[in-house]
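A short worksheet on the structure shown next.
The values are calculated or read from the model by the stated rules, or taken from the named source; none is laboratory data. Keep in mind it's a predicted model, so treat the numbers as computed, not measured. For neighbour counting, all protein chains shown are included, and Cβ atoms are generated from backbone atoms with ideal geometry for every residue, glycine included.
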Amino acid sequence: MNKVDPGFAKEIAEIRASVKRSDRFDYVTTYTEREFFKGKTTIERVLILRTRGCSWSYHSGCSMCGYWDDTNPDIGKEELKKQVESFLKDFPNGEVLKIFTSGSFFDPIEIDSALQFEIIEMVLRGYGNIIVESRPEYIGKVIGELKRFAGKLQVSIGLESTNSSILKNSVNKNYDFDDFKMAALRLRENGITVRTYLLLKPPFITENEAILDAVKSAKDLAPYSDFISINPMNIQRGTLVERMYKQGSYRPPWLWSVVTVLQSLRDVGVPVVSLVTASGKKRGAHNGHTCDRNFSEGIRKFSETLDYSFLDELKCECEANWKNFVGVEEETGVAISEVILND
Ligand code: SF4
Ligand SMILES: [Zn+2]
């Protein structure tokens, strides 16, 4: 790992404080995506609620998280209920609804406790499954109530890595693998499935360290999870990672690395997919070559079907450039990047 700035957490808090937050009260957005879910390709509807924001972000926050600008500190119970009602009026039913809140669905400061269960009930009147995201520390308090949604509820946890040093010094996550394990065990013993997000290439590590960490993390956590989704870093606005990117000291992962991680995990025992945000773009995972579109398509098709042939058939001459990049970093022990101009 590269040298970590000791003022890291403070710097993240300072960057957060400079972000202009929203004054809107409506939900952020809704869209659909296709994903391999419960054994088949499924069209999932995504709803992003606008909340007061992640409680951890009020203290410091994660180094890559740019959701803060969507949040409005004045949003409370009534406004949230209205967002859900207006969404359900337009999109009353479907197979799966995935709700993101730019924070934690089960954080009672972010979403009133009674409203959390009310929202799940409202959604399950029209949807077969609901997926919500939460930090692990909120699970203990709600697990008794969640039992009744067994079989229809999936909880996602953004663990990012199982390596405590990376969680502390690269992500600033403020929880670790043990916290995740405790929450995941409690959820699963009550019939709630667990989806885990891993971050490919947190800051301050090399490309190769990032690949090894994602593969190791997925193997470590597979016994505690029903589904793993690899999130390659994308540069979000108002984050420490964006500052590093603009200074030319961070490069998002190569699509070659995403493919390598996914291929290394084919026998891990649970489905592992990757929905790559800004795939092939400078701010997302990219090879920086004419093959970016082809690789993005291959990874997308794989993630919808779990058919590894979509990955295995990806070939390009730029593999040599990627290997060279990885090799130089390993020789020097320093993460390198590209100088970013006019972005
Ligand atoms: S990544 Fe999640 S836990 Fe971290 S600051 Fe963002 S919303 Fe909060
Ligand atoms: Zn290429």
With respect to residue 258, determine if the residue is within 16 Å of ligand 2 (Cβ to nearest atom), of a type in the set (Val, Ile, Thr), closer than 26 Å to residue 132 by Cβ and out of contact with any Phe, Trp or Tyr (no Cβ under 6 Å at 6 or more places or on another chain).
yes
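Each row is one residue, and each column tells you yes or no for (1) of a type outside the set (A, V, I, L, M, F, W, C); (2) farther than 18 Å from residue 210 by Cα; (3) part of a loop (DSSP other than H, G, I, E, B); (4) within 16 Å of ligand 1 (Cβ to nearest atom).
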| position | (1), (2), (3), (4) |
| --- | --- |
| 269 | yes, yes, yes, no |
| 277 | yes, no, yes, yes |
| 284 | yes, no, yes, no |
| 287 | yes, no, yes, no |
| 293 | yes, yes, no, no |
| 301 | yes, yes, no, no |
| 321 | yes, no, no, no |
| 330 | yes, no, no, no |
| 337 | yes, no, yes, no |
Among 84, 123, 96, which is buried (at least 23 other Cβ atoms within 10 Å of the Cβ), more than 13 Å from ligand 1 (Cβ to nearest atom), at pLDDT 95 or above and not charged (D, E, K, R)?
123
State which residue is modelled with the lowest pLDDT when the search covers only the stretch 228-247 and only residues that are within 23 Å of residue 326 (Cα to Cα) and assigned to a loop (DSSP other than H, G, I, E, B).
247
What are the residues in the stretch 205-227 that are surrounded by 24 or more Cβ atoms within 10 Å (Cβ to Cβ) and either more than 23 Å from residue 63 (Cα to Cα) or modelled with pLDDT under 95 (or both), if any?
225
Hey, does the stretch 18-40 have a residue that's out of contact with any helix residue (DSSP H, G or I) (no Cβ under 8 Å at 6 or more places or on another chain), exposed (fewer than 13 other Cβ atoms within 10 Å of the Cβ) and among the hydrophobic types (A, V, I, L, M, F, W, C)?
no
Collect the residues in the stretch 42-80 that are more than 12 Å from ligand 1 (Cβ to nearest atom), touching a residue at least 40 places away in the same chain (Cβ under 8 Å) and aliphatic (A, V, I, L, M), keeping them in residue-number order.
43, 46, 47, 49, 75
Restricting attention to the stretch 284-328, the residues that are more than 10 Å from ligand 2 (Cβ to nearest atom), more than 30 Å from residue 40 (Cα to Cα) and of a type outside the set (Gly, Ala, Ser) number exactly 5
Go through the stretch 289-316 and report how many residues are touching a residue at least 24 places away in the same chain (Cβ under 8 Å) and either under 15 Å from residue 265 (Cα atoms) or under 23 Å from the mean Cα position of the chain (by Cα) (or both).
14
Flagged pairs (Cβ under 7 angstrom, 6 or more apart or on separate chains; first in the stretch 172-196, closer than 24 Å to residue 65 by Cα and free of Cβ contacts under 8 Å to residues at least 60 places away in the same chain; second charged (D, E, K, R) and buried (at least 21 other Cβ atoms within 10 Å of the Cβ)) are 175/135
Yes or no: residue 244 surrounded by fewer than 23 Cβ atoms within 10 Å (Cβ to Cβ) and on the phi < 0 side of the Ramachandran plot?
yes
